[in-house]
Amino acid sequence: MVRNIVVLGGSSHPSLNAGICDKLGIPPGNVLLSKFSVGETRVEIKESVRGKDVYIIQPAGENVNDNLMELLIAISACKTASARKVTAVLPLFPYSRQNDIPYTPNKTGPLLSKSTNCYSKPDFPFAFESKPQTPHPDNSPTAGLFNGVDGLPKDLGKIQLDESSPTWNGTHNSRYANYGTKTPKRSNTLDSTKSSDMSTRLGNLSTTSLVNGTTHVEDAGAVFAASKETLPSNNSSFTPRPGYKQWVAQAGKLVADLITCAGADHVITMELHDPQYQGFFDIPVDNLYGRATLKGFIQTSIPNYGQAVIVSPDAGGAKRASAIADSLGMPFALIHKERRPTKITDRQHSTMMLVGDVASRTCIVVDDLADTSNTITRAAKLLKKEGADKVYALITHGILSGDAIDKINASQLDKVIVTNSVPQAEHQKRCPKLVVLDVGHLFAEAIRRVHHGESLSVLFQYD
């Protein structure tokens, strides 16, 4: 039993709170969590925390904004109640992945290989297809953007080559021959300032401008009408959207500042989507790993795992997946995910290419997070196309928001293994492929070591 410690659980994951307290041998802290009628969050600590170490467990699952506000108020309440030290335990750190450029998955097109279940009907909405596909010798190049913007760099480069060529003067003169051979003269501004003929010049200017202006407007309208007939018909459908769509705010820095300003002295989290987010904090941050738990599942639940292949679904997770592959002596494969726009008004699409041999083998896709499950379902489709026998997905944080469960049920994934860093009870009811691993013991050991001033290095190892 650990003494002089209080573990408070937020409202986002009560089962994880109870599991951690059970492993520590202490009762959960008495705290009142509710909302006022106006919607404001209410936190009331029902026991004394004066001079004690307080650990507040609050993963960012559903209703992430409410959970974050509840955490901040709880930290502030404990510091106001003279707690000696307040540690925020965030199994899933909120707002840690907004630096990623979003893309829109394609939900049309045939499946690469038809499955034998009921999801093989032709009108099924999920295709797990990459669009546009990566060009190769068998595929003809795409038509490009319909408004001609994609040819702009090529035209600019051609103009620069023309300027640097010795015959550019002739080309330049012929190109602008319609404007005449004489350079238009500038108006004499000194004469226009003379006071003797100012009234006369103003009168002539108004008359000339009226006549010439009307003539020019009529000529411009005729030219525009004639040029409009010669333009492609699809140009009229292009409507540009202003703004920098691919620039997103670094909200992780803001969240780090909020947690620090609320009064937290220490942060414990697991599998940050971007480990560099630890640099946003001015307080100690311990980033735990769930790979040991995932590795144990591979060794105990996947038959003949030595012949299986560890697959990283993108280049960013190659180090994470290769660490497990090296520790188990398993081969490694990589799926290169390239994100590029197809239209100037579209969000970015993702194209996948496999690097490695997976034919007649069991594939284990390892990733840190699955939200919409687009990456893992499309990876499973690609691996099955390349001849894989079975495809497992090992995910640390299974957020599975929106229609992610429906996609997994319809996909060619055989099993999806996630941890209980976020609540999974409702997901398990809807998805028979889902397997949940407990990480409560990992956080309980981290809390015990931090409380007693012991090293956490052993928890950072993969084995």
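The values are calculated or read from the model by the stated rules, or taken from the named source; none is laboratory data. Just so it is clear, the model here is predicted, and its values are computed rather than measured. Here the Cβ is made from the backbone with ideal geometry for all residues, glycine too, and neighbour counts use every protein chain on show. Accessible surface is based on the protein model in full, side chains and every heavy atom, while ligands, DNA and RNA are left aside. Shrake-Rupley method; radii C 1.70, N 1.55, O 1.52, S 1.80 Å.
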Scan the range 449-463 residue by residue and report those that are surrounded by 13 or more Cβ atoms within 10 Å (Cβ to Cβ) and in contact with a helix residue (DSSP H, G or I) (Cβ under 7 Å, 6 or more places away or on another chain).
456, 459, 462
Quick test of your reading of the structure: residue 14 fulfils all but one of (1) free of Cβ contacts under 8 Å to residues at least 12 places away in the same chain; (2) on the phi > 0 side of the Ramachandran plot; (3) not aromatic (Phe, Trp, Tyr). Name the failing condition by number.
(2)
Criterion (open to solvent by less than 10 Å² (accessible area, probe 1.4 Å), of a type in the set (Gly, Ala, Ser) and modelled with pLDDT of 90 or more) met by exactly one of 446, 425
446
If you go through the range 1-28, how many residues are assigned to a strand (DSSP E or B) and either out of contact with any Leu (no Cβ under 8 Å at 6 or more places or on another chain) or not aliphatic (A, V, I, L, M) (or both)?
3
Check off (1) modelled with pLDDT of 95 or more; (2) open to solvent by 10 Å² or more (accessible area, probe 1.4 Å) for residue 386 and give me the number that stays unchecked.
(1)
For the range 29-56, give me each residue that is assigned to a loop (DSSP other than H, G, I, E, B) and buried (at least 17 other Cβ atoms within 10 Å of the Cβ).
29, 49, 52
Filter the range 354-387 down to the residues that are over 21 Å from the mean Cα position of the chain (by Cα) and of a type in the set (Asp, Glu) and list them by number.
357, 386
Looking at the range 404-411, can you tell me whether even one residue there is outside any helix (DSSP H, G or I) and either in contact with a helix residue (DSSP H, G or I) (Cβ under 6 Å, 6 or more places away or on another chain) or surrounded by fewer than 16 Cβ atoms within 10 Å (Cβ to Cβ) (or both)?
yes
Complete set of residues in the range 57-67 that are surrounded by 21 or more Cβ atoms within 10 Å (Cβ to Cβ), modelled with pLDDT under 95 and hydrophobic (A, V, I, L, M, F, W, C)
60
Test residue 367 against the criterion of being over 27 Å from residue 292 (Cβ atoms) and open to solvent by less than 50 Å² (accessible area, probe 1.4 Å), and give yes or no.
no
What residue, among those in the range 428-443 that are part of a loop (DSSP other than H, G, I, E, B) and touching a residue at least 40 places away in the same chain (Cβ under 8 Å), is surrounded by the fewest Cβ atoms within 10 Å (Cβ to Cβ)?
438
Please verify whether residue 17 is buried (at least 23 other Cβ atoms within 10 Å of the Cβ), within 22 Å of residue 445 (Cα to Cα) and not hydroxyl-bearing (Ser, Thr, Tyr), treating the condition exactly as stated.
yes
For residue 299, are the conditions met, namely being under 30 Å from residue 356 (Cα atoms), open to solvent by 70 Å² or more (accessible area, probe 1.4 Å) and at pLDDT 85 or above?
yes
